[in-house]
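Remarks on the structure that follows.
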Amino acid sequence: MASVKLAAVLLACAALMATAAAYAPYRPEPEPCKTQAMYFKNCLLLVSECEKCCTGVVADPACYCEVEREALIDCAPGHHCSRADKKIKIAEMNLSCMKNLKCKHA
């Protein structure tokens, strides 16, 4: 009787492992770069520590090339604005993810 239970448990484990193996290689397609760039800009608008937007928001680093560097972001604590400025350009924020980009220009 114990060997039957052991065989049933082993069979169930094998079935679960086969199911997990079938789904393991699945990865959803990343969003288009234009959409990822929009997510990045929205993150900059919402988060006080802008450097946090450099991790996890944009899946493909090449998509940072799509970000409008001249776009203006409202100043908030952590945006490193002077007191007189109401807005700052993304290019002036000195974010690590926006430095040393190798963008292809058309």
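The values are calculated or read from the model by the stated rules, or taken from the named source; none is laboratory data. Here the structure is a predicted model, which means the values were calculated and not measured. Cβ: placed from backbone, ideal geometry, glycine included. Neighbour counts: every protein chain shown.
For the reader, a short list of remarks on this structure follows.
- Some residue of segment 83-101 being in contact with an Asp or Glu (Cβ under 9 Å, 6 or more places away or on another chain) and at pLDDT below 80: yes
- Candidate set: segment 1-38, residues that are of a type in the set (A, V, I, L, M, F, W, C) and assigned to a loop (DSSP other than H, G, I, E, B); chosen: the one modelled with the highest pLDDT: Met1
Residue-wise test of (1) at pLDDT 90 or above; (2) surrounded by fewer than 13 Cβ atoms within 10 Å (Cβ to Cβ).
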site	(1), (2)
Phe40	yes, no
Glu49	no, yes
Cys54	yes, no
Glu70	no, yes
Cys75	no, no
His80	no, yes
